[in-house]
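I have placed the structure first, in the form of structure tokens, so that the comments after it can refer back to it.
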Amino acid sequence: MTRSNVPRKYSSEIIADLLAGITPLEHLQIGAKIMLADRIGNFMNEKGWNNKDLAARMGKSPSEISRWLSGGHNFTIDTLSEIAIALEVPIAVFFTPPSSKVIRNIKLTVTVNDVPAQLPYRTSGSQEQA
């Protein structure tokens, strides 16, 4: 049997009713908790750490770290400060979107033939020319 990579559309009246009952405040709170857990997990991954590694640096149990990373934990500033110190990052990084990363750096050379003389163009390090 072959599986498709296209997500299957699923609808459920029960789920729709549950989602309809979420207030905008609850939606924001849930999103923030998930975002914080995701950011912490990303920093752990960048360092090659697992829950046990972070737990050891913080004096916590791996199961507590697992609960934090589940996306439902209501982080306090104190806890986020401890995590930031353990990860050796500023606490502000938990509240900013991740920066883009270069996955593959390639050099691209473009050759243009027959450029009309009236079009302005720029060469590297020069002023606009006509």
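Run the numbers for T109 and I30: contour at 0.36 nm per residue of separation, minus the present Cα-Cα distance, in nm.
23.8 nm
Exactly which GluC sites (Glu not before Pro) in segment 2-91 are in a DSSP loop and have at most 16 other Cβ atoms within 10 Å?
E88
Go ahead and run the numbers for FRET between A16 and S63, Cβ-Cβ distance against an R0 of 25 Å, rounding to 0.05.
Approximately 0.15, to the nearest 0.05.
Show me, bin by bin at 10 Å from 0, the whole-percent P(r) of segment 14-95 based on Cα pairs.
Using 10 Å bins, I get a P(r) of 17, 49, 20, 12, 1 for segment 14-95.
Where a number appears in this text, it was derived from the coordinates with a stated rule and is not lab data. Quick caveat: nothing in here was measured; it's all calculated off a predicted structure. Using ideal geometry, Cβ is built from the backbone for each residue, glycine included, and neighbour counts are taken over all protein chains shown.
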